[in-house]
Amino acid sequence: MKRLYCQIVTVFFTMLSIQAIADEQAVDSKIAVGLSGEKPYIHVIHEGRSVKVQRVQDPDYELKGYYAKTARKCPPFCLQPMQVVSSVATIGEVEVFEFMETKLRDNKGLLIDARTSEWYERGTIPGSINIPFTTLSKDGTAENDAALAIFGGKPRGEVGALSLKLEEMGLMDSDDKTEKWDFSNAKEIILWCNGPECGQSPRAIKGLLKVGYPANKIFYYRGGMQLWQLWGLTTVVPGE
Amino acid sequence: MATQTICFIRMSGIRLKHQISVLLVMCFAVQLVVADEDPYLSAISSEAAKVETTAPVLDGDEGSAIESTADGPSMHAFEGDLKARYMGTFTFYKRLPRRAREEIFEEYKGGASIDEIRKKIMDRFLN
């Protein structure tokens, strides 16, 4: 009797699982415009909530509003070069998706909306945290120090002159270390702003390089909000 | 003694002048730095005011889109109102493609009556 009960329960759960898989596949088959390759969508945690990042499925969808504008006054809103500096890699949307699924999910990376808060409040890329370029470009301020700590940098405190000299001579490990900061365990970060015409994230990147943040841990998503929206990708309004 | 005192006063005067000059140059440099950043900050601030709030699409069937504008009724408010007052019409409205919904909302913003809107929704749904 007990065995029969067990079997019934097992069959019931198996059927439920099959149903769940079938439902998932049915949803996936409805996705006509996938993210990339065979990936229909991805889930990203934003402010503690799971957000499905996908593209608009309506083939007639056209971008409207502010991000559909093709021109803004230059200066100050001039087209930015493809690379901020040669040591920092510029990436596109597919790399951002991959980052969201790996580094961001595993808490080994951060997606930084480097725009001022008034931009961030109007909508952001899921999974992003807002650390404005104004904070990142001011070396030595409490806000800058706090941001670097969020990125995984550790203040070194008092470092002896001898240690510094040995590091300088290459006799002690000095990789990813400055006089003030130890960036050995710093996270990989993607910085982005409004798009190719936006200078906010390039300024933030330059600020980070100035304090010694390792260039190989910084990535520049040049497309920013404009290209994110152009591809009809999911955005979120913070706090909603 | 008097010559020495005069000389000392002169020296002090020169040093003071020098210090004031340095201070002035420093102030000017700081001013330049501030002036360099402030116009950019004010430009991005005024530009931000032009941006519509990007509505969230959380686990929905469709991706992101610009949903509301700073002035006038928002698309969200319009949909809420339609849902509350004309549930049947709203059901058909939700089945329309996004573009058609945006067009209907634009007409609503443009001053079309709710009866005209309801008729338009049904026309769009049936045709």
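No value in this document is a laboratory result; all are computed from the given coordinates. Computed from a prediction, not measured in an experiment: that's the story for all the values here. FYI the Cβ positions are ideal-geometry reconstructions off the backbone, even for glycines, and counts take in every protein chain you see.
Which of A:Lys39/A:Lys187; A:Lys177/A:Lys210; A:Lys39/A:Lys69; A:Lys52/A:Lys217 have a Cα-Cα distance over 21 Å? From A:Lys39/A:Lys187; A:Lys177/A:Lys210; A:Lys39/A:Lys69; A:Lys52/A:Lys217, over 21 Å: A:Lys39/A:Lys187; A:Lys39/A:Lys69; A:Lys52/A:Lys217. Considering only A:Thr178, A:Ser36, A:Ala89, and ranking their Cα positions along the charge dipole of chain A that arises from unit charges at the beta-carbon of Lys, Arg, Asp and Glu, the one farthest toward the positive end is A:Ser36. Ordering A:132-139, B:109-116, A:39-46, A:219-226 by mean Cβ neighbour count within 10 Å, with the highest value first, yields A:219-226, A:132-139, A:39-46, B:109-116.
Of all lysines in the structure, those lying under 28 Å Cα to Cα from A:Lys73, and not within fewer than 8 positions of it along the same chain, are A:Lys64, A:Lys138, A:Lys206, B:Lys50. From the square roots a ≥ b ≥ c of the eigenvalues of the alpha-carbon gyration tensor of chain A, which class results: rounded (a/c under 1.5), prolate (a/b over b/c), or oblate? Because a/c hits 1.5 or more and a/b fails to exceed b/c, chain A counts as oblate. For B:Arg85, A:Arg105, A:Arg115, the sequence from fewest to most other C-beta atoms within 10 Å is B:Arg85, A:Arg105, A:Arg115.
Counting only other chain Cβ atoms within 10 Å of each residue's Cβ, the peptide A:112-120 averages 2. Shielding value for B:41-51 is 6, the average number of Cβ atoms from other chains within 10 Å of each residue's Cβ.
The relative contact order of chain A, computed from alpha carbon pairs under 8 Å that lie at least 6 residues apart in sequence, is 26 percent. The ranking of A:Trp192, A:Trp231 by Cβ neighbour count inside 10 Å, starting from the fewest, reads A:Trp231, A:Trp192.
From its DSSP helices (H runs of at least four residues, each -39,500 (n - 2.57)), chain A gives a residue-normalised ellipticity at 222 nm of -10000 deg cm²/dmol.
Between the alpha-carbon centres of the range A:158-181 and the range B:88-118 there is a gap of 66 Å.
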